[in-house]
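Colleague: Please find one structure pasted underneath; my questions will follow.
The values are calculated or read from the model by the stated rules, or taken from the named source; none is laboratory data. Just so it is clear, the model here is predicted, and its values are computed rather than measured. Here the Cβ is made from the backbone with ideal geometry for all residues, glycine too, and neighbour counts use every protein chain on show.
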Protein chains: 2
Amino acid sequence: MKIELTTEEKIYEAAKEIFYRKGLDGARMQEIADLAGINKALLHYYFRTKEKLFGAIVKRVAEVFFPVLFSTWNMDIPFEAKIYTFTDKYIDFLIKHPFIPNFVINLIHQNPDKVKSLLNFDKLPISAQLEEQIRVEIEAGNIIDVDWRQIIISIISLSVFPFIGSPMLKIIFKLDDEEFLKIMEERKLIIPKMVMAWLKP
Amino acid sequence: MKIELTTEEKIYEAAKEIFYRKGLDGARMQEIADLAGINKALLHYYFRTKEKLFGAIVKRVAEVFFPVLFSTWNMDIPFEAKIYTFTDKYIDFLIKHPFIPNFVINLIHQNPDKVKSLLNFDKLPISAQLEEQIRVEIEAGNIIDVDWRQIIISIISLSVFPFIGSPMLKIIFKLDDEEFLKIMEERKLIIPKMVMAWLKP
DNA sequence: GTCTATAAAGGGATAGAC
DNA sequence: GTCTATCCCTTTATAGAC
């Protein structure tokens, strides 16, 4: 039983779908209208221009994607637990929204300055707590001496790349959707194990 | 001292530059013509349509990218040496061509079937030798028992994602180009160390 | 081969009826 | 709010001179 969406919600859903897959330039207003089950004129009635509609989708995506990406880093829990928590929560999110990473990456590639101001990184230090935590762990001799940024880069790479590169991985390994999902579920534990094995002295 | 390029080469260079950054839909023929120092009509004289020009660039990219990505996997050298060789060669390539991964990813996202037939994976098993090699290593007890695909996915993720996500990493860590490059150079050794630490029983 | 000028198509945006 | 019809700018593609 389907819940009847408002027209605005139908547009959001359709626009999200099309923009995720084709980007701003590749998307057609006609295509979005068709998918939403309305006509082009009504799209413009709700969102004036294509850019504004795109901007609305970007805003929505940013509001869910970046909190999930960064919220774990500054939590006040032990280092090892933090890595396990991150991969578990982040991969869960990516399984639900597999197209978002590629969308965000292209967004930043094509307009780094806009995204920079949108995120306001100067006001919100996203990893200050983690940087300090890693420093303490290194000094205590709990983990090897390595650039803290290499740790974060590695964890994010291991988690997010398989989703960005999923069409290629599916071709290379001849995977169907179910097999791919199973491999991603396994990574929730594989990734923290790998990272900790590396960091243990 | 610059070598004078033929018109066709000037078009290739210009089109590559624009298509890498903006994709098929975002690129403008006028823009490519300007960058090549010619006019639009001459573009069409050489390559009939925008799609054909794009296809020519794709062909060129595929011819360098996939060999670099896959050639190491089936080499007849020990497992550990293979990982070190791969990260070294692959990251060298990515430093020289940082825009290619994102270009290829988007290509496959938007047209998986075309890329599939282009690559002809059925004829060229890209990882059969490596799969067997990992099986032998596991049976000999040299590495832990883990899905061989997880190993390859992890190594590729660790190597290629930082380049795909470089604009975001530069924002998060406030990196300039030089610092970013230094971190990538360090990864040539960090990645194999991490993977081997994980796989050692 | 290379140019200028122009045709043709595509697609975002609006007018106006209901 | 929602539709049909249409405008008009942008961009691809071609014609034709040199």
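Colleague: Scanning the range A:138-157 for residues that are farther than 19 Å from A:F66 by Cβ and in contact (Cβ under 8 Å) with a residue 60 or more places away in the chain, which turns out farthest from the chain's Cα centre (by Cα)?
Modeller: The residue in question is A:G141.
Colleague: Starting from residues that are free of Cβ contacts under 8 Å to residues at least 24 places away in the same chain and either of a type in the set (G, A, S) or closer than 19 Å to B:F103 by Cβ (or both), keep the ones in the range A:1-26 and report whichever is surrounded by the fewest Cβ atoms within 10 Å (Cβ to Cβ).
Modeller: The initial filter retains those residues of the range A:1-26 that are free of Cβ contacts under 8 Å to residues at least 24 places away in the same chain, namely A:1-6, A:9, A:13-14, A:17-18, A:22, A:25-26.
Still in the list and also either of a type in the set (G, A, S) or closer than 19 Å to B:F103 by Cβ (or both): A:14, A:22, A:25-26.
Values: A:A14: 19, A:K22: 18, A:D25: 14, A:G26: 16.
So the residue we want is A:D25.
Colleague: Keeping to the range A:48-67, report how many residues are surrounded by 13 or more Cβ atoms within 10 Å (Cβ to Cβ), away from every other protein chain (no Cβ under 14 Å) and within 8 Å of DNA strand C (Cβ to nearest atom). Explain how you work it out, then say what you get.
Modeller: Going residue by residue through the range A:48-67, those that are surrounded by 13 or more Cβ atoms within 10 Å (Cβ to Cβ) are A:50, A:53-58, A:60-62, A:64-66.
With away from every other protein chain (no Cβ under 14 Å) added as a condition, the list becomes A:53, A:55-58, A:60, A:64.
Adding the requirement that they be within 8 Å of DNA strand C (Cβ to nearest atom) leaves A:53.
Residues in the range A:48-67 being surrounded by 13 or more Cβ atoms within 10 Å (Cβ to Cβ), away from every other protein chain (no Cβ under 14 Å) and within 8 Å of DNA strand C (Cβ to nearest atom): 1 in total.
Colleague: Does B:I38 satisfy the criteria of being touching a Lys or Arg at 6+ places or on another chain (Cβ under 9 Å), β-branched (V, I, T) and free of Cβ contacts under 8 Å to residues at least 40 places away in the same chain?
Modeller: Details: touching a Lys or Arg at 6+ places or on another chain (Cβ under 9 Å): yes; β-branched (V, I, T): yes; free of Cβ contacts under 8 Å to residues at least 40 places away in the same chain: yes.
For B:I38, the condition - touching a Lys or Arg at 6+ places or on another chain (Cβ under 9 Å), β-branched (V, I, T) and free of Cβ contacts under 8 Å to residues at least 40 places away in the same chain - is met.
Colleague: Any idea which of (1) within 14 Å of chain A (Cβ to nearest Cβ); (2) among the β-branched types (V, I, T); (3) surrounded by 20 or more Cβ atoms within 10 Å (Cβ to Cβ) is the one B:I32 doesn't satisfy?
Modeller: All conditions are met except number (1).
Colleague: Take the range B:126-165 and flag every residue that is in a loop (DSSP other than H, G, I, E, B) and under 22 Å from A:E179 (Cα atoms).
Modeller: Of the range B:126-165, the ones in a loop (DSSP other than H, G, I, E, B) are B:126-127, B:140-147, B:165.
Within the range B:126-165, B:I126, B:S127, B:I144, B:D145, B:V146, B:D147 qualify.
Colleague: Residues of the range A:10-31 being of a type outside the set (D, E, K, R) and either within 8 Å of DNA strand C (Cβ to nearest atom) or at pLDDT below 95 (or both), which ones?
Modeller: Let us first name the residues in the range A:10-31 that are of a type outside the set (D, E, K, R), namely A:11-12, A:14-15, A:18-20, A:23-24, A:26-27, A:29-30.
Within the range A:10-31, A:A27, A:M29, A:Q30 qualify.
Colleague: Which residues, counting only those in the range B:78-124, are exposed (fewer than 14 other Cβ atoms within 10 Å of the Cβ), not in a helix (DSSP H, G or I) and not aliphatic (A, V, I, L, M)?
Modeller: B:P78, B:N120, B:D122, B:K123
Colleague: Pull up the range B:166-197, narrow it to residues that are more than 7 Å from every other protein chain (Cβ to nearest Cβ) and not in a helix (DSSP H, G or I), then point me to the one that is nearest to A:K116 (Cα to Cα).
Modeller: The qualifying residue nearest to A:K116 (Cα to Cα) is B:K174.
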